[in-house]
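Take a look at the structure set out below.
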Amino acid sequence: MGSIRVLSDMVASQVAAGEVVERPASVIKELMENSLDAGAKSLEIEVRGAGSVLLRVSDDGSGMDREDALLSLERHATSKITSAADLATVRSMGFRGEALPSIASVSEFVLRTRQASASAGTEAVIKGGKMVAVREAGCAPGTTVEVRSLFFNVPARRKFLRSAATEAAHLDRAVETVALAFPGVALHYQRDGRAVHRLPAAASLASRVADLYGTEARAALLEMPGTEGKGIRVSGLVSRPGATRADRGRQFFFVNGRAVENVFLSTGLREAYRQMLEPGRHPSLFVHMVMDPQVVDCNVHPAKREVRFRHGAEVREVLRSAVEAALRQARADWLQPVRAHLTARVAPPAEHGPRAEPLRVARQPELPRPVLPAPAPDPGTSAPRVIPEEFRLVGALSRRYLLLEGGEGLVLLDQRAAHQRILFERLQRGVAGGGVAVQRLLSPAVFELPAREHEAVEGNLAALAEAGFGVEVFGGRALRVEALPDFLAGRDPQRVMEAFAAAAVSGGAARLRGQAAEEAVRRTVARLALDEGGAKDEREQRALVAQLLACQLPYCDPEGRPVMLQFSWRELDRRFGRD
Ligand code: ADP
Ligand code: MG
């Protein structure tokens, strides 16, 4: 007799439970998804003892009649697909018909459900997969599933649960995820008798985010202009540059309403922020993508967390350009209030005194014209030398900061951060434009570097060449520098190469690849910018401000730190108690 046996349904359910029901949060996730699939407009979620005592989800969805209620507890019973072909077009959250029986096989489980048209509902009680009772029940239309003593009969599973705090954090995350996936659904979430979230149905994702995380968190986000490309609709919110977080806890990708992880998505996001992230900082992101279900496979992960795209690179590009568009828009937004203020103003207030004359402008007109500095095609040497009229240079604060008066209030500008931004964008543009303008040194510089540093330069000659550094190995540990990118002209070549070596060495490897090499060049430029002293005189101050404002992203340095801080008139009045 062979040793292969068909597992009983009960054992099969427990095995399946191992995959679907990893922890209390997975139960809540499955139950909430069922409610949403049933068209619920409002969910009540209650949890006790981090989910090992009680997990309950009540909805106002379609409910089930008695026959369906019993069927729903059988393995592979689903109302959502009928054939494998349907998998390709599935729009519901569930489709495997596994969740309810799996959960019921490892808990004390009660299902109460009623269709609105029915006079009474059905209650089914199951313990460890065994049906204990089925009866008629008086209950509100909709469905309630109650799960107690999760894993009571699978001690091995129970042992794998983490601390109550960890499990609770997973539960919170699961609820947040659904709240963000379906802003239009009202959601009440209670943990150990305490209301965690009372979320009314929201009209938009933005207001749901504000309800969940507070208005301040909402204000730190940019709305992505809804875009559509390659059959993919993208909308959502992303961090303003400089308003990032130390963790990835607020990155949510939704594809057709399903929260997913996918490497193409995370790469698209990273690429969009490439020039703006301080190491160890992460943008928040709440993004909804809608696409033909045929081009996304949700059936690759037991909890459906990961998806596979048929055209991953396209999805990445669509996301990247949507995020970039939001970031570009941010620049215009930053100046927009200034413009509005100026348009509204009839005459410049007398106490602001005579406006300083920008360079190369013969006379300042009486009324400031609202001019938005368009992003200049090249903030390099040909950058405008004129400070846009919205800003009046007031002076310098030590040699570190410049003070500007803008239409909105006071602007403090960090000169070193400004230099970093300006140099960085010149480099960036040069590389993107197919070549950085190069300045030959009058006589080549030859010098030696310590072994490790020398190796770091030698391993990255190609990346250096592309960024406009004319450097070659000159035997032993010597290097010969013949040219530098023009925006570094006049620098000590040895200092420049030392800065690069330091950046490359801290990047880990002697030979850096692609993005890492680019990154090292970027860090070098940032480092060199720090050598710049503060502007010597007003002419230099003006030039600096003008160059900065001609940058694509003038408000943060290449690492995402702020370059300018704005204190609104209102804020100043408030500080002086004039409110
Ligand atoms: P799936 O969601 O993959 O179909 P489940 O085991 O989660 O499998 O649910 C089985 C079936 O039970 C669903 O297809 C649905 O018809 C029904 N069902 C489950 N939960 C609800 C609910 N909250 N309201 C209405 N019907 C439900
Ligand atoms: Mg389901």
(request) Filter segment 64-96 down to residues that are more than 15 Å from ligand 2 (Cβ to nearest atom), in a loop (DSSP other than H, G, I, E, B) and crowded, with 17+ Cβ neighbours inside 10 Å, then give me how many there are. (result) 0
(request) Go through (1) over 25 Å from Glu306 (Cβ atoms); (2) assigned to a helix (DSSP H, G or I); (3) in contact (Cβ under 8 Å) with a residue 24 or more places away in the chain one by one and return the number of the condition Arg218 breaks. (result) (3)
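Every residue, every condition in (1) assigned to a loop (DSSP other than H, G, I, E, B); (2) at pLDDT below 95, yes or no:
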| site | (1), (2) |
| --- | --- |
| Ser119 | yes, yes |
| Glu123 | no, no |
| Met131 | no, yes |
| Val145 | no, no |
| Asn153 | yes, yes |
| Arg158 | no, yes |
| Ala165 | no, yes |
(request) Might you check whether a residue that is of a type in the set (Gly, Ala, Ser) and modelled with pLDDT under 95 occurs anywhere in segment 178-190? (result) no
(message) Which residue is farthest from Ser568 (Cα to Cα), if the candidates are limited to segment 424-460 and must be surrounded by 20 or more Cβ atoms within 10 Å (Cβ to Cβ) and touching a strand residue (DSSP E or B) at 6+ places or on another chain (Cβ under 9 Å)?
(response) Val457
(message) Quick check on segment 270-318: of everything there that is surrounded by fewer than 19 Cβ atoms within 10 Å (Cβ to Cβ) and among the polar types (S, T, N, Q), which residue is farthest from Ala84 (Cα to Cα)?
(response) Gln294
(message) Could you check segment 198-246 and list, in sequence order, the residues that are more than 26 Å from Pro562 (Cβ to Cβ), in contact with a helix residue (DSSP H, G or I) (Cβ under 6 Å, 6 or more places away or on another chain) and of a type outside the set (Lys, Arg)?
(response) Leu199, Ala202, Thr227, Gly229, Ile232, Val234
(request) State all residues of segment 221-236 that are touching a Ser or Thr at 6+ places or on another chain (Cβ under 9 Å), of a type outside the set (A, V, I, L, M), farther than 11 Å from Met291 by Cβ and touching a residue at least 12 places away in the same chain (Cβ under 8 Å); if no residue qualifies, say none. (result) Glu223, Pro225, Thr227, Ser235
(request) Mind listing whichever residues of segment 62-115 are more than 11 Å from ligand 1 (Cβ to nearest atom) and among the hydrophobic types (A, V, I, L, M, F, W, C)? (result) Ala84, Ala85, Leu87, Ala88, Val106, Phe109, Val110
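Yes/no matrix, rows are residues, columns are (1) modelled with pLDDT under 70; (2) over 25 Å from Ala169 (Cα atoms); (3) not in a helix (DSSP H, G or I):
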| site | (1), (2), (3) |
| --- | --- |
| Ala12 | no, yes, no |
| Gly18 | yes, no, no |
| Ser26 | no, no, no |
| Lys29 | no, no, no |
| Ser35 | no, no, no |
| Ala40 | no, no, yes |
| Ala50 | no, no, no |
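The values are calculated or read from the model by the stated rules, or taken from the named source; none is laboratory data. These figures come from a predicted structure and were not determined experimentally. Ideal geometry is used to build each Cβ from the backbone, glycine not excepted, and the neighbour counts take in all protein chains shown.
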